[in-house]
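What follows is a single structure, written as structure tokens, with notes after it.
The values are calculated or read from the model by the stated rules, or taken from the named source; none is laboratory data. Note that the structure is predicted; figures quoted are calculated from it, not measured. Every residue, glycine as well, gets a Cβ built from its backbone with ideal geometry; the counts of neighbours run over all protein chains shown. Areas reflect the complete protein model, heavy atoms only, side chains present, ligands, DNA and RNA absent. Shrake-Rupley method; radii C 1.70, N 1.55, O 1.52, S 1.80 Å.
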Amino acid sequence: MHEENKAAANGCGKIRSGAQNGAALLALMEKTGYSMVQQNGQRKFGGPPPGWEGPPPPRGCEVFVGKIPRDMYEDELVPVFERAGKIYELRLMMEFSGKFIGVCVSLDNCRLFIGAIPKDKKKEEILNEMKKVTEGVVDVIVYPNATDKTKNRGFAFVEYESHRAAAMARRRLIPGTFQPWGHTIQVDWADPEKVVDDETMQRVKVLYVRNLMISTTEDKIKAEFNKFKPGVVERVKKLRDYAFVHFFHREDAVAAMSIMNGKCIDGASIEVTLAKPVNKESSWKPHFNGQISPSSENLLGFPNKEDGTQKSLGKPASLSVRLNGQHSPSPPEVERSTYPIFPGIKLSPISMYSLKLSHFSSAVMHLDYFCHKNSWAPPEYCLYSTTSQDGKTLLVYKVFISSIADDSQSYFMPEKLCTTVEDAKELAAQFTLLHL
């Protein structure tokens with residue numbers, strides 16, 4: 001397509017020459033007094049603006065704008081964005097194209113997910129290694145292996161002092177450029193933690209207990225949490241090495257959290273926090289930092305209470321870096337829309353494995369994608385049935401997963417029966433993802 005046609009298609013008028021573009025940008029700087037510098041693949045306008053006093057704006061004041069036409073620059077963008085308020089800083093990337101822009105609140109994420117870490121490495125070793133090659137490291141979060149507490153799960157979260165520090169570290173840690181301990185690591189953004197308002201948190205009376213032994217029973221957990229005040233625990237729901245302890249009264253939950261955090265149960269030092277409420281209107285999406293939605297709670301047998309609580313799995317973010325079967329996916333909200341096919345639109349063949357996580361909405365597809373990214377064989381589903389007392393045929397799938405890396409095989413089967421094949425398969429995939 002000719003450049004003139006590109007401009008017309010983008011609705012941006014005629015193409016400007018390099019000299020015209022430079023003159024327009026110089027005029028903008030003279031008019032506004034803002035500076036402009038080019039660094040790290042982006043051009044920064046302002047930050048701070050002239051006469052600015054005090055600290056930069058706090059987190060939550062930034063928006064991300066995507067799909068800007070490639071021939072549109074600061075002299076055209078600044079007047080548009082200034083309509084909303086005074087600009088502190090504008091950072092322009094040069095690779096976006098398209099007709100319409102999209103605007104959303106910037107996540108301002110300060111946390112990276114690091115995968116393929118040797119399982120024998122301790123927190124201090126990982127922290128020191130990250131500090132050697134990246135700047136602004138605040139903390140490292142490492143989870144112990146579910147079956148062997150002396151080892152980690154093969155991944156960690158690295159917390160940085162700012163979003164910019166995290167972004168620079170992510171670029172620095174691109175796989176292949178840095179190999180700590182002789183290993184090629186995987187790097188991606190961690191899912192930002194869900195922010196829950198104080199008023200909502202004040203009503204929570206459920207505790208999230210992490211780092212339990214696999215062998216620890218729900219009865220044992222209930223007995224331990226009842227020790228400081230008998231009869232305060234309503235029920236306990238345990239999943240693998242974490243559990244949710246429901247209390248009759250909030251004050252007892254808060255007191256138990258203070259007393260039990262760091263205590264040993266069956267030889268494991270547990271971590272106890274308040275469980276965060278889940279959005280009860282959301283579709284299935286078990287976040288790594290986050291929740292199991294009500295739909296999956298119902299399938300997996302969680303009681304559906306008025307104060308529906310977040311199932312904080314404490315697991316990592318994007319599915320593209322899943323390693324060693326240690327964690328399950330965290331799909332973003334799927335855009336359920338359709339668009340017309342206009343004449344002349346070019347369609348290209350594509351593999352589903354080259355898509356982003358946001359294109360998948362079912363647990364079955366997520367599990368398939370998860371196994372592919374880990375270089376495992378595809379999941380195998382074996383269907384079983386039984387008959388209920390009223391004569392209904394009830395179904396359940398057992399899922400087999402073979403790891404090519406170590407030639408091992410695991411199977412997963414939920415403890416719930418379904419009336420349709422589709423529900424049974426989706427439930428089995430959900431259950432498998434939650435337990436990987």
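Side notes on the structure shown:
- Computed from phi, the 3J(HN,Hα) profile of the stretch 44-58 under the Karplus parametrisation 6.51, -1.76, 1.60 (θ = phi - 60°) reads 9, 10, x, x, x, x, x, x, 6, 10, x, x, x, x, x Hz, with x in place of Gly and Pro.
- Computed E for Val133/Thr387 - FRET, C-beta separation, R0 56 angstrom, nearest 0.05: 0.40
- Full extension of the chain segment joining Gln38 with His435 gains 138.3 nm, where the gain is 0.36 nm per residue of separation less the Cα-Cα distance.
- Cβ-Cβ FRET estimate between Ser269 and Phe342, R0 fixed at 56 Å, reported to 0.05: 0.40
- Subset of Lys205/Lys276; Lys276/Lys425; Lys119/Lys373; Lys205/Lys229; Lys121/Lys220 violating a 21 Å alpha-carbon distance limit: Lys276/Lys425; Lys121/Lys220
- Amide hydrogen neighbours beyond the local backbone of Trp189, cut-off 5 Å, H modeled: Phe113
- Using the Karplus relation 6.51 cos²θ - 1.76 cosθ + 1.60 with θ = phi - 60°, the per-residue 3J(HN,Hα) values for the stretch 64-76 come to 9, 10, x, 6, 6, x, 5, 9, 10, 10, 4, 5, 9 Hz, with x marking Gly and Pro.
- A probe of 1.4 angstrom, applied to the heavy atoms of all protein chains, finds Thr177 with accessible area near 90 square angstrom.
- Around the amide H of Asn109, modelled in the peptide plane, lies no amide H under 5 Å away from a residue 5 or more places distant or on another chain.
- Using the Karplus relation 6.51 cos²θ - 1.76 cosθ + 1.60 with θ = phi - 60°, the per-residue 3J(HN,Hα) values for the stretch 118-130 come to x, 6, 8, 7, 8, 4, 4, 5, 5, 4, 5, 5, 5 Hz, with x marking Gly and Pro.
- Mean-position separation - Cα centroids, the stretch 224-250 and the stretch 136-156, in angstrom: 25 Å
- For Val138, the residues whose modelled amide H falls within less than 5 Å of its own, excluding neighbours fewer than 5 places apart on the same chain, are Glu159, Tyr160, Glu161.
- Residue-level accessible surface for Ile141, protein heavy atoms, 1.4 Å, Å²: 40 Å²
- Sorting His359, His183 by solvent-accessible area of protein heavy atoms yields His359, His183, largest first, with a 1.4 Å probe.
- Accessible area per residue was computed with a 1.4 Å probe on protein heavy atoms; Cys418 scores about 10 Å².
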